[in-house]
Amino acid sequence: MASRTGTAHVVTTTRKYKDQIYCTHLLRRSYREDGKVKNETLGNLSHLPDSVIDLIRRSLQGETFVPVGEAFEICSSRAHGHVQAVALTMQRLGFASLLASKPCPERDLVQAMVASRIICPATKLATTRLWHASTLAHEFGVTDATEDDLYAAMDWLLAGQDRIQKKLATRHLTDDALVLYDLSSSYFEGSHCPLAKLGYSRDGKRGTLQVNYGLLTDDRGCPVAISVHPGNTSDSTTFMPQVTRLREEFGIQRMVMVGDRGMISQKAIDEMSKDADVAWITALRSSSIRTLVEQRHLQLGLFDERNLLEISSPDFPGERLVACRNPELAKLRGHTRDDLLIATERNLQKIKLRVDAGKLVGKDMIGVAAGKVVNQYKVSKHFELIITDSSFTFTRLADNIAAEAALDGLYIIRTSVQAQRMDAATCVRTYKSLAQVERAFRSIKTMDLKVRPIHHHLEDRVRAHIFLCMLAYYVEWHMREAWRELMFADEDQAAKLVRDPVAPAKRSDAAMQKVRSRTLDDGSPTHSFQTLMKDLETMVRNTCRTPTSAGDAPSFEITTTPSDKQKRALELIGQIKM
């Protein structure tokens, strides 16, 4: 009898029984006996996991397996996905050519600083440390950069600011453009910068030095230019220079400027009125609204059946006034005023008890204490204070309160835009679009880019730092727009153009479903911008080598395979258009 030695292999068979598919995995051996090929079954492997069966099959076919640790080792792991998303966005936006037409080290450094501001904002020294924790330094070719290199790149960036902003204006502003403008501020760490001045702090940091900066955007809130001013600069004085810049630097001849009631002063309106190509939209102050009501140019009874109407007044010749009444806003302001009045009365009562007990005496001392209380919530006009050297009483001024309550929820849009160019409802929507600039300030100052606190001492470095943050928001703005379907954001932007301009803004049903369920249609989690960036951060780039390799042996890289959500995020970035 011939030898029965042969080769072993795995045979898989399938059969169908009552709509079920059954697989059988048998370990078999083929051998030759008496000149004939025969097979025998050595065992049934069907109870083993598919992965183990696959290993047995491949081993019998001649493959050699060793433990992973013996095959290769991971030398380093660096977060990559979020860097890839930012770098791809910059590529889609032509960001490098926006900074400079020709490659140079400074351009690479500025791109890296912009990306770092989006990914992990920090001081310049910390930036050179942190960007090595990801693939950022490698992707942008700045692995050897020092803190001094970053400062030199900032100086280079500031020198090209006018040129860069002119390119942005060419991209996003056309002739007869709608331009949004607003001003904000940030506080300083230190006291030696010439821009650091005491002024109205929008950060709620009373008594701190600050710097002001004004942002120009298109009608969507996409940033175009930023200007920096000393911290004690008033809002209205920064407005007309922006109109001049749009004309002389950006070549915009016809425009509609949109600014809030504290931004566009009467002096600016008088100056713009001399130029038929410059129109504007703003809002009236509450004192002017009260005057219109008292002069009966605006009758509150007209709001019984509507929430918007257009009026005129000889006090505003050649202008359109669009009056709006929001009942929900009226209720909110009424509740707020009641709460402030009650809180003020509670504190005034404490002063009265001190006076009655003889612990607080003297007309001047009592007046100072009472004045601090009524001014704390700015309701002094609603109280009558009667003060003597030994007594103190207070009462509400009911008529004043009623007069103010009558104007709750009422605001008036003031504009020079002609009716054939923009109807009343569109004027209101356009003014409300200033919220896009406020959203930009929130992102720049707090949530994402963290422009504050400012640690630079040189004036030009402060200007460059703020411009760098604006460029970072420019990139982030496009990422947010691209990722709307993955985030809590409303995807139905067209609905904003037809909704009631006075009623409180409401999200679409689809957006509200994302908010309520916190999931998307596919069941995956809905993200904010920050959490989506964190999710992408889990895609890492591993540098590997064989453990037995010499120190100079070549290595290879393996990048994490993206999940479906990560893949979709990168696909959406790839669809961005300039």
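The values are calculated or read from the model by the stated rules, or taken from the named source; none is laboratory data. Predicted model only: the values in this text are computed from it and were never measured. All Cβ positions, even for glycine, are placed from backbone atoms using ideal geometry, and neighbour counts span all protein chains on display. Surface accessibility is based on the protein's heavy atoms, side chains included, excluding ligands, DNA and RNA. Shrake-Rupley method; radii C 1.70, N 1.55, O 1.52, S 1.80 Å.
Of the cross-linked pairs LYS197/LYS331; LYS274/LYS378; LYS124/LYS506; LYS350/LYS432; LYS205/LYS378; LYS205/LYS432, those separated by over 30 Å at the C-alpha level are LYS197/LYS331; LYS274/LYS378; LYS124/LYS506; LYS350/LYS432.
Calculated from the structure at hand, mean projected area of the Cα convex hull in nm² is found among (1) 35.1; (2) 45.1; (3) 24.2 as (2).
Which net charge results for the neighbourhood of THR344, defined as the other residues with beta-carbon distances under 13 angstrom from its beta-carbon, given Lys and Arg at +1 and Asp and Glu at -1?
Charge balance in the 13 Å sphere: +4.
Calculated accessible area for the range 426-502 comes out at 38 Å² per residue, all protein chains present (probe 1.4 Å; ligands, DNA, RNA ignored). Placing a pseudo-label 7 Å from each Cα along the Cα-to-Cβ vector at GLN295 and ALA510 gives an inter-label distance of 4.8 nm.
Computed from label points 7 Å out along Cα-Cβ, the spacing between GLN530 and SER287 is 4.0 nm. Per residue, the accessible area of the range 22-130 comes to 54 Å², computed with a 1.4 Å probe over protein heavy atoms only. Surface composition of the range 250-351: carbon and sulfur make up 47 percent of the accessible area, probe 1.4 Å. For the range 307-358, averaging the sequence separation of C-alpha pairs within contact (under 8 Å, six or more residues apart) and dividing by the residue count gives a relative contact order of 25 percent. Charge tally around ASP182: other residues with Cβ under 11 Å, Lys/Arg +1 each, Asp/Glu -1 each, net -1.
Listed by chain and number, the aspartates and glutamates placed with their C-alpha closer than 14 angstrom to that of LYS372 are GLU345, ASP364; residues fewer than eight positions away on the same chain are left out. Looking at the chain alone, DSSP beta bridges between its own residues are antiparallel in about 85 percent of cases. Taking 7 Å steps out from each Cα toward its Cβ at ILE342 and ALA405 produces label points 1.4 nm apart. Highest mean packing comes first when the peptides 269-277, 225-233 are listed by Cβ atoms within 10 Å, giving 225-233, 269-277. Protection proxy ranking, highest mean first, for peptides 530-542, 45-57: 530-542, 45-57, where packing is the per-residue count of other beta-carbon atoms within 10 Å, averaged.
Per residue, the range 231-320 exposes an accessible area of 51 Å² to a 1.4 Å probe, with every protein chain left in place.
Of all aspartates and glutamates in the structure, not one lies under 16 Å Cα to Cα from LYS38 without also being fewer than 8 positions from it along the same chain. Helix content alone sets the calculated 222 nm mean residue ellipticity of the chain: runs of n ≥ 4 DSSP H residues at -39500 (n - 2.57) each, divided across all residues, give -12000 deg cm²/dmol.
By its C-alpha gyration tensor, with a ≥ b ≥ c as the square roots of the eigenvalues, how is the range 159-244 shaped: rounded for a/c under 1.5, else prolate for a/b larger than b/c, else oblate? Walk me through the numbers before you get to the answer.
Working: a/c = 2.56, a/b = 1.99, b/c = 1.28.
Prolate is the answer for the range 159-244, as a/c is 1.5 or above and a/b outweighs b/c.
Where the centroid of each part is defined by its Cα atoms, how far is the range 261-288 from the range 418-497 in Å? Computed from Cα coordinates, the inter-centre distance equals 23 Å.
Straight-line reach from LYS577: taking Cα to Cα under 15 Å and skipping same-chain neighbours fewer than 8 places apart, the aspartates and glutamates in range are GLU476, GLU481. Peptides 290-301, 13-24 ordered by packing proxy, namely the average of other Cβ atoms within 10 Å per residue, highest first: 290-301, 13-24. The overall shape of the range 157-201, judged from the alpha-carbon gyration tensor, is oblate: a/c is not under 1.5, and a/b is no greater than b/c. Between the beta carbons of SER30 and THR546, assuming R0 = 60 Å, the FRET efficiency works out to 0.95 to the nearest 0.05.
Could you grab the relative contact order for the chain? Cα pairs under 8 Å, six or more apart, rounded to a whole percent. Show your work: numbers first, answer last.
On the way: 855 pairs, mean separation 104.6, N = 578.
Over the chain, the number comes to 18 percent.
Just the protein heavy atoms count here, and of the accessible area of the range 445-512 at 1.4 Å, carbon and sulfur take up 55 percent.
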